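Right, one structure below, let's go through it.
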């Protein structure tokens, strides 16, 4: 399935790229480089970074800037040349994890003439349900 996803985006499915994509898919939330290194283990930081760079060029990952730095998540866009998978993220100030709020889309922003938005980064900060003692099904 992951190899097919890579090929659909025009990305050659090498062993390292498959490992990085699987780690992102299995996580179910955006991950930092450090988290990816810890999860994968068999691929060094430069190999992970090269894979992420290729994924970003081909709209297979989003980058999210939160209080901890840059995080990466698989992009589930329906178009390999345009990112239509924009949604809000939530950063927990207690456990320092970032969560996708996939059903809450980023509202459109009207820009003045001459401005052209290419990406957006919408992160809410607070305490997540896990740290608040709620179980989520």
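Please treat every number below as a calculation from the coordinates, not as lab data. The model shown is predicted, which means the values in this text are computed figures rather than measured ones.
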222 nm mean residue ellipticity, helices alone, for the chain (DSSP H n ≥ 4; -39,500 (n - 2.57); rounded to 500):
-9000 deg cm²/dmol
The chain, Gaussian network, Cα under 10 Å: of 37, 73, 102, the residue fluctuating most is 102
For segment 2-126, what is the percent of antiparallel DSSP beta bridges, rounded to the nearest 5?
75
For segment 96-137 and segment 49-69, what is the centre-to-centre distance using only Cα atoms, to the nearest Å?
16
Checking 60, 31, 111 against a Gaussian network model of the chain (alpha-carbon springs below 10 Å), the top fluctuating residue turns out to be 111
Given 0.36 nm per residue, what is the gain on full extension from residue 103 to residue 16 after removing their alpha carbon distance, in nm?
28.2 nm
Could you work out the relative contact order of the chain? I mean the mean sequence separation of Cα pairs under 8 Å and 6+ apart, divided by the number of residues, in percent.
19
